Amino acid sequence: MTAVKPAETQSSQHDIYIEISKNSVTLQVSVPQLSHMLVRRLQFLKTLSTCSIEASNIHTQHYDVIVVGGGHAGSEAVAAASRIGAKTLLITQKIQTIGALSCNPSLGGVGKGHLVREIDALDGVMGRAGDWAGIHFSILNRSKGPAVWGLRAQLDRQRYKDFMQSELLSTPLVTILEGSVQDLLLTEADPGKPGKHKVYGICLANGGGEIHSSSVVLTTGTFLSGALFMGQNTTPGGRMGDPPSCAGLSHNLKNVLGLKIGRLRTGTPPRIVKDSIDFSLTSVCLPDSSPTPFSFINKHTHCTPKEQLPCFLTYTTPGVEKVVKESSHLNSHIQQDIKGPRYCPSIESKVLRFPGRQHQVWLEPEGLTSSLMYPQGLSMTMPLEMQLRLIREIPGLQHAKIQTPGYGVQYDFVCPTQLFPWLQLKNTQGLFLAGQINGTTGYEEAAAQGLWAGVNAGRTSLSMSPLSLSRTQSYIGVLIDDLVCHGVTEPYRMFTSRAEFRTSLRPDNADLRLTIRGFEEIGCVSEQRYNKALLVQASLKQALSTLQSIHLSAARWRDKLGGVTISKTKSSILNGVEVLQYKDVTFQMLASSFQELFGPHLEISERLKVEALYHPHCEKQRREMEKMQTEESLSLPNDIDYLALPISLSQEVREILDRVRPSTLGAAARLPGITPAAIVHLFNYVHRNKHRNHM
Amino acid sequence: MHFISCCLRRSTVSIAVSRSLLVKRLFCSGWPGDDTIYSLSSGQGKCGVAVVRVSGPASALAVRRLTRSLPAPRTASLRSISHPQSKELLDRGLVLWFPGPASFTGEDSAEFHIHGGPAVISGVLQALGSLPGLRPAEAGEFTRRAFYAGKLDLTEVEGLSDLIHAETEAQRRQALRQMAGDLGRIYQDWTDQLKRCLAHVEAFIDFSEDELIEDGVLNDVDRAVQQLQTDMENHLSDERRGERLRSGVHVVIAGSTNAGKSSLLNLLTQRPAAIVSPTAGTTRDVLEVPLDIGGYPVLLSDTAGLRDTSDSVEQEGVRRARQRVEQADLSLVVVDLTQLPSERRHVPVFLRGHLKNILERSSQQQQHILILNESDLVSAEQQRSIQTSLQELSGAPSACFLSCHSRDGLEELLTLLHNTLKTLCGDPLIGSPTLTQTRHRTHLQKSIEALQQYHEYRDVDLALAAEGLRLGLLSLGRITGRVSPEEILDVIFRDFCIGK
């Protein structure tokens, strides 16, 4: 395999090669030409001492963080923990599936694109991987306002995996091991800290032995008691083609830790042979002519505008509905009473819930050179022969061939209300969960949690305090807050409508919201990226206050800007920000009239336009955000016995608080059923405790 | 964005720019500051003195606009309090001004000590609500602000939070009470419609690019929002409501012609406000007299006797009388005892028919008192017999015997009236309907303003347009209960087939 250069290449001082085979690791000095399937190149930069790892002593090594699972959550968790400075071990069933896109070959979208931007702002990998692997970039919602623009890209599956693997394998402090985890190593909790148990490592399956660590991040996706469904067949597993994970972990979580577990289902469509599709019967959807990168540090995407591939659109027909109805008795997945997602349902449930309608089917490329197309909208679990019959009812697919059938997955998830906002289990010190195991769906949602769990696993293992992200600051904060406060009843996906401060939490300003804090407080952002964000911030600040300082009459503005429409009476005075809010006014126009003042800021002209547009609204939201932040800054101890607390609370309120155990007063205030009076009492309680602690 | 805005607020950022380009530096205005909140902080209902408290940056403005000047800090000053727009005198009371930080909440705040009648209180609250930047406080908000400013010591907290609890409970019960009625249905209906509008816009934002959501969705929302605004505006400009807010409980005297309605009015007002004559049909229009009965403000109205008539003027009077009865909070139905059927067994049937005729369009919430007039013209024995017949009448209103001539029974009537008014205005903890309506008005007004933002931004920026709907729903939700983002998603998934 050829190693792909990540966007930010770090020079290597020493090359060490680790040969990894199932459950055994041998270290040897090797030359690049010798690399075969299981040999990966590791670059050790700062930690020369780790060069002395012996294959046999991986078990005697103590890691700061062990991440179990190499999907989107696991990859970001590993990368984030290492950025914090933690010595991190990734255990995955197969190195070659690290960064695999198990379902749709695309990244981002409305809401999800916001998450990718935020992951990137915190120096995560996903955004850069998307820029590397993207083969069709488009911004959704272009006409609906920059706060809800959805950066989206079709991806080349292989390129995405290559980038992710290369990135992780070249990340300092990271070791990767192929294997399966059988058990968590648990002991009694440290007194004085919340929790009943404490994790101190994992035990590998098949006699692979123990590996010790301060923190463990579980990102097992759909593999926790996963079962695959097609027609009436059920096989254990989390993804087709991969072995099921060990029952031991499920047992640990359920029986040893006593966690509340739920079950969810999802599915994926069949993959269709490209040459068997008659594209002339579909409509073509072209990408943006100038691709917008996900990452703040990339000016261009890897794919050139011309190399981009189109997508195709076709529709379901009444014939599709007929096949669904005929096959429903052969379809055990949809007959089961397990919650599937409402927004990404199988074609079966779409047809059954909204009969007599046409449904869209997008045909998406799987890669630049891939011979397959991905039919988005056709997730299905019926028997293979019925799948073939169904797709052949669709225009353009009359002669389609299926390369891999669609199938359903049912899997366990841990009810996320059992987590702190830093994604550690409340009852187990050092144990973090991220991704689908917490009841979410989607690559971006998983990666966002992975990043945050990795940050906190790293921080706690290095004796730093765990951190939370506020709803007022980020979509990641909204995501985690929703999960830990309200739990899930169906796979959770991000929508922009979930963010109450949507006009402030925009894709364009994720760096200002997160990168600076990411360096100064969190410690997961490189200095280089931090400095870049500071420069942007300073430039924006300066340009905006200059704009604020220019006051001209509407007539004068019209004059200056070449007769542009400004719907104000001639004599009314407007400042530069107010003028920039007009639809037809661009920053470039202002810059050509005020060359001296605005010339230096041309590079950020689009961002300035967006800032100006949202400026008055963000100001209005500021108070509300500050109020929420104040309440969020008041933490409620996790060990409060709400049922016995000697303050006046109704039994109902006590039970809600006892069940959810909110981490902050802010989280408590948002719980349904909590009265203002209860908040006052809690506030008082927290205050009193603070005073006591100070004395 | 956050820090940028903060930096911008400071006008001190100096930039090297040629002076000729800078016309003026007008930094001071244009930033919407914190909310200023107000509420009745003494118990509600009947009390001698009521205290209305204001806190927030616009407190000084509020005092100036209602009393024309700012008194010396922390000194009680007697002032006339009038409505800032209509200039109508609302009350004379004590006004106190506490500049922050030396105040209960740590912010600029003020107190109005006014007379305790619901009419005065709601008048002052409404006047405050009409000022920019002021809104009714949420339950416990003063205390929360005081907490955050570090103004309360810990023993104070316990007592105050109990008060807040009571207040919240009362508000909840009050809300439930209100929600049961027609008004509640209207508000709930608006909330549902707005929820649907927002859900459809949100669906259009979150899904339209990938899914099959027709552009027509937004046009439907445009129309629905427009309709909602119109409905809400009409509701607010409803004259009767404004009238009742200013004038307290509506009590109407109704009955057939010449039953002694006007005599009763004169008796209650103790002056000949209505022309009394033995000719049936003397009162042709509605006559209104504001009254104070046991401390409750009452607008007492005398109406034309209800009968079929060919006189067109009288017909109009009858129509207005019926309308008035329909709108009243309390009807005093006057019956001439001498007109009752002489056979005792016919009395219940007669009364039932009579009440049905007079109160045919009154709502269920309305209270009634049956006044059996001319008691001096019937014997005590007859009265007892009628009393017994009344008990046979199921669902009969409270009744009392009265002689407008001899004033016999007036004491009993006043006691009965007082008790009924007490129920209508609520016990001291439950806000009177008028006070709650003042809150509703403010929230409706804010909701209408927010919906305007939808139209303004509809074609510029859909996120900002949706923001308008969200704010509108938030304001309505303060009346009908919060609408969570999950509920919006529920509507989206119910109305659209979303799926890839």
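Quick one: which helices (runs of 4 or more DSSP H) sit completely within the stretch A:599-695 and have at least 2 residues that are out of contact with any His (no Cβ under 8 Å at 6 or more places or on another chain) and farther than 30 Å from A:D511 by Cα? Spell out how you get there, then give the answer.
Working: elements: A:605-633, A:651-660, A:665-669, A:676-694.
Correct list: A:651-660, A:676-694.
Of the conditions (1) more than 30 Å from A:K532 (Cβ to Cβ); (2) away from every other protein chain (no Cβ under 12 Å), A:E631 satisfies every one except a single condition; which number is it?
(2)
For (1) more than 14 Å from every other protein chain (Cβ to nearest Cβ); (2) without any contact (Cβ under 8 Å) to a residue 60 or more places away in the chain; (3) within 30 Å of A:H114 (Cβ to Cβ), each residue gets a yes or a no:
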| site | (1), (2), (3) |
| --- | --- |
| A:V525 | yes, no, yes |
| A:S549 | no, yes, no |
| A:S553 | no, yes, no |
| A:R558 | yes, yes, no |
| A:L580 | no, yes, yes |
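I'd like to know if the stretch A:471-485 contains one or more residues that are closer than 17 Å to A:N438 by Cβ, β-branched (V, I, T), more than 9 Å from chain B (Cβ to nearest Cβ) and outside any helix (DSSP H, G or I).
So far as the stretch A:471-485 goes, no, none of its residues is closer than 17 Å to A:N438 by Cβ, β-branched (V, I, T), more than 9 Å from chain B (Cβ to nearest Cβ) and outside any helix (DSSP H, G or I).
Among the residues that make up the stretch B:246-269, is at least one of them surrounded by 14 or more Cβ atoms within 10 Å (Cβ to Cβ), within 28 Å of B:Q387 (Cβ to Cβ), in contact with a helix residue (DSSP H, G or I) (Cβ under 9 Å, 6 or more places away or on another chain) and modelled with pLDDT under 65?
No; the residues of the stretch B:246-269 include none that is surrounded by 14 or more Cβ atoms within 10 Å (Cβ to Cβ), within 28 Å of B:Q387 (Cβ to Cβ), in contact with a helix residue (DSSP H, G or I) (Cβ under 9 Å, 6 or more places away or on another chain) and modelled with pLDDT under 65.
Is it fair to say A:G450 is farther than 20 Å from A:L671 by Cα and more than 11 Å from chain B (Cβ to nearest Cβ)?
Answer is yes for this residue.
Criterion first (under 20 Å from A:F296 (Cβ atoms) and of a type in the set (D, E, K, R)) does A:E500 satisfy it?
No; evaluated as a whole, the condition is false for this residue.
Considering only residues that are under 26 Å from B:L474 (Cβ atoms) and polar (S, T, N, Q), look in the stretch B:103-140 and name the one that is surrounded by the fewest Cβ atoms within 10 Å (Cβ to Cβ).
The selected residue is B:S130.
State whether one or more residues within the stretch B:474-491 are surrounded by 23 or more Cβ atoms within 10 Å (Cβ to Cβ), touching a Ser or Thr at 6+ places or on another chain (Cβ under 6 Å), part of a helix (DSSP H, G or I) and at pLDDT 90 or above.
No, the stretch B:474-491 has no match at all.
Determine, yes or no, whether A:L115 is within 12 Å of the chain's Cα centre (by Cα), assigned to a helix (DSSP H, G or I) and within 14 Å of chain B (Cβ to nearest Cβ).
In short, yes.
Suppose we filter the stretch A:120-140 for residues that are without any contact (Cβ under 8 Å) to a residue 40 or more places away in the chain and either among the small types (G, A, S) or within 22 Å of A:T515 (Cβ to Cβ) (or both); how many remain?
Summing the residues that are without any contact (Cβ under 8 Å) to a residue 40 or more places away in the chain and either among the small types (G, A, S) or within 22 Å of A:T515 (Cβ to Cβ) (or both) in the stretch A:120-140 gives 1.
For B:A72, are the conditions met, namely being touching a residue at least 24 places away in the same chain (Cβ under 8 Å) and part of a strand (DSSP E or B)?
On the way: touching a residue at least 24 places away in the same chain (Cβ under 8 Å): yes; part of a strand (DSSP E or B): no.
No.
Among the residues of the stretch A:443-477, write down those that are modelled with pLDDT under 95, of a type outside the set (S, T, Y) and buried (at least 24 other Cβ atoms within 10 Å of the Cβ).
Passing the criteria: A:L469, A:R471.
Just the residues that are in contact with a strand residue (DSSP E or B) (Cβ under 6 Å, 6 or more places away or on another chain) and part of a loop (DSSP other than H, G, I, E, B), please, taken from the stretch A:557-591.
Listed by number, the list holds a single entry, A:S571.
Quick check on my filter: what residues within the stretch A:486-496 are buried (at least 24 other Cβ atoms within 10 Å of the Cβ) and part of a helix (DSSP H, G or I)?
A:T496
Report yes if A:L425 is under 27 Å from A:I98 (Cβ atoms) and in contact (Cβ under 8 Å) with a residue 60 or more places away in the chain, otherwise no.
yes
Anything in the stretch B:297-354 that is within 19 Å of B:L267 (Cβ to Cβ), hydroxyl-bearing (S, T, Y) and either in contact with a His (Cβ under 8 Å, 6 or more places away or on another chain) or in a helix (DSSP H, G or I) (or both)? List them, or say none.
B:S301, B:S331, B:T338, listed by residue number.
The values are calculated or read from the model by the stated rules, or taken from the named source; none is laboratory data. Being a predicted model, the structure only gives us computed values, none of them experimental. Cβ: placed from backbone, ideal geometry, glycine included. Neighbour counts: every protein chain shown.
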